[in-house]
Amino acid sequence: MTVDLLDSPRSGAEDPVPQPGPVVLRRAALRAVPNGDAPAYGTGVGEAIVCPADSPPAHCLAAGRPLLYDTADPAITEWATLDPGAVWLRTSGARSLLAVPLLAQGNTLGVALFGRHRDREPFGPEDLRLAQEFTAKAAAGIHEARTYSRARTTTMALQRSLLPHTLPDQGALEIATRYLPAATRAGVGGDWFDVIPLSGARVALVVGDVVGHGIRATATMGRLRTAVRTLADVDLPADELLTHLDDLVLRLAADEGSSDPAAETAGGIGTTCLYAVYDPISRHCTLARAGHPPPAVVTPDGAVRFLDVPAGPPLGLGGLPFEAVETELPEGSLLALYTDGLFEARDHDIDEALDKMFAALVRPAKSLDSVCDRVLTELLTHRPDDDIALLVARTRALHEDRVASWELASENTVVSRARHHASAQLSAWGLEEATFTTELMVSELVTNAIRYGRPPIRLRLIHQGNTLGCEVYDSSGTTPHMRRARIFDEGGRGLLLVAQLAERWGTRHDRVGKTVWAEQTLAPG
């Protein structure tokens, strides 16, 4: 017998009355008793077959029902002689041929051909019934496999499109990442990671794990990743960011629950997330987590440990607080963020897995990519049953020679002094070409802090790579807003000017007061 499949299934809705004609099939299986699948039977598995319009496979597919043939028929004899795909029929000496279409859920997948040897009775009604039963089961399995394959391919494409393709250009951390999709039939999950540059040379690291698998989990992951980026862009503290994310998951669950009460994981309830912000100037890292595994850290002296970050509830439970902690990380420390799929191997317990991860992180390596590969090699002995996201970062420090700050009095005469400080510092850094733009920014930001803010007032310049940041702090919590100034208005143009001169700008709120910042990109060289 043989099983020959169409590369693209025919839908009954699209082609209710198939017309006879040449058909291109691909051989999926060939088997004969007692000689197995010997090469003498012609076209092998995986090869294409062009069936003429008057051949049994073409007639069977056009009719959509089983057809019975006698191989002594001259037309069948000619087909078996000329068609390489039918060599098996002549070689096996079959006397009776049965062609049965492979049908599943209104789709025609291909055709199965059965040949019976000369020493047996020709095919009869009972053989026809059995052949239809067997092909129906086979077609259902093939259809399910193809559907799963398409769904997995679609989900994988969506997942990879939502994950970062390249890591952003920033100088606070050296970073390497890995993502491994699950190998189970449940499909790809919703694990994700992200690296988000923030103001003041800081960088946010995010790792999350959406419950469930398939397109629903991947789509939820995309929503949450976008939300985290939006909330990070307004410089929310880590614990407040998770609180807003928790509210979002609750809303998503309410929307999905109302439209689909049987939803497996409505809106991603139970999703875990770890959010960390590293400041290369203070070398402090602030972290908060929502039911996510704690990060591991390796200090330059070789000590390795988990950071003590309060677990917090998973996202979507609502009404429960999250707690952020701040820790100092020496320059050159290694920080590892991951999802729980890393520890779900079947052949070792959790303590053994932790020891292996610690050993892999501590051992010297040429690059962080080598560290990631080593961790995965040590912990995985088979394709993972759950998605794995791994992010490894090595901390850098922005030293005092790249940061300048001044305390300013709350009086108008200090604005010119602030411009002088900025100009002198840019000369010391060799950035004279940026002086004019920077003086304008400093003048506007300091003036606004004096006019609308409260003392103390601090000016800070940060030079990192090809980025120059200007920050002005005051103890007022009022957020400045850019507005359209009318023709005769004396004010209202300062922030508009800053927005035009800067690559990006914004406001960062502290526990007390705020910082208005602006960044410009320096010319190469």
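When you check residue 337 against the structure, is it farther than 30 Å from residue 248 by Cα, in contact with a strand residue (DSSP E or B) (Cβ under 8 Å, 6 or more places away or on another chain) and assigned by TED's automatic domain parsing to the domain that holds residue 295, yes or no? So residue 337 does not fit the description; no.
Taking residues in the stretch 471-489 that are closer than 19 Å to residue 516 by Cα, and partners anywhere that are at pLDDT below 75 and surrounded by fewer than 15 Cβ atoms within 10 Å (Cβ to Cβ), the pairs with Cβ atoms closer than 7 Å and at least 6 places apart or on different chains are 483/492. Filtering the stretch 381-396 to residues that are among the hydrophobic types (A, V, I, L, M, F, W, C) and either in contact with a Leu (Cβ under 6 Å, 6 or more places away or on another chain) or surrounded by fewer than 17 Cβ atoms within 10 Å (Cβ to Cβ) (or both) leaves 388, 391, 392, 393. Candidates are the residues of the stretch 301-346 that are over 19 Å from residue 359 (Cβ atoms) and of a type in the set (Ser, Thr, Tyr); the one that is surrounded by the fewest Cβ atoms within 10 Å (Cβ to Cβ) is 327.
Of all the listed residues (371, 403), the sole one being touching a His at 6+ places or on another chain (Cβ under 9 Å), surrounded by 16 or more Cβ atoms within 10 Å (Cβ to Cβ) and within 26 Å of residue 275 (Cβ to Cβ) is 403. Of all residues assigned to the stretch 425-447, none qualifies as being in contact with a Phe, Trp or Tyr (Cβ under 9 Å, 6 or more places away or on another chain) and farther than 22 Å from residue 199 by Cβ. Considering 129, 90, 95, 116, the condition of being modelled with pLDDT under 80 and either assigned by TED's automatic domain parsing to the domain that holds residue 33 or part of a loop (DSSP other than H, G, I, E, B) (or both) is satisfied by 90 alone.
Scanning the stretch 109-142 for residues that are surrounded by fewer than 21 Cβ atoms within 10 Å (Cβ to Cβ), closer than 23 Å to residue 76 by Cα and in contact with a Leu (Cβ under 6 Å, 6 or more places away or on another chain) returns a single hit, 131. Among the residues of this structure, residue 286 counts as one that is at pLDDT 95 or above and either crowded, with 20+ Cβ neighbours inside 10 Å or part of a strand (DSSP E or B) (or both). Screening the stretch 207-223 for residues that are in contact (Cβ under 8 Å) with a residue 60 or more places away in the chain and in a helix (DSSP H, G or I) and picking the one that is nearest to residue 504 (Cα to Cα) gives 222. Report yes if residue 351 is within 24 Å of residue 312 (Cα to Cα), at pLDDT below 95 and either acidic (Asp, Glu) or not in a strand (DSSP E or B) (or both), otherwise no. When the stated conditions are applied, residue 351 passes them. The residue list 157, 183 contains one member that is in a loop (DSSP other than H, G, I, E, B), over 23 Å from residue 395 (Cα atoms) and modelled with pLDDT under 80, which is 183. Selection of the stretch 9-43 for residues being modelled with pLDDT of 75 or more and within 22 Å of residue 142 (Cα to Cα) yields 23, 24, 25, 26, 27, 28, 29, 30, 31, 32.
The values are calculated or read from the model by the stated rules, or taken from the named source; none is laboratory data. Values in this document were obtained by computation on a predicted structure and should not be read as measured data. Counting neighbours? That spans all protein chains shown, and the Cβs are built from the backbone with ideal geometry, glycine included.
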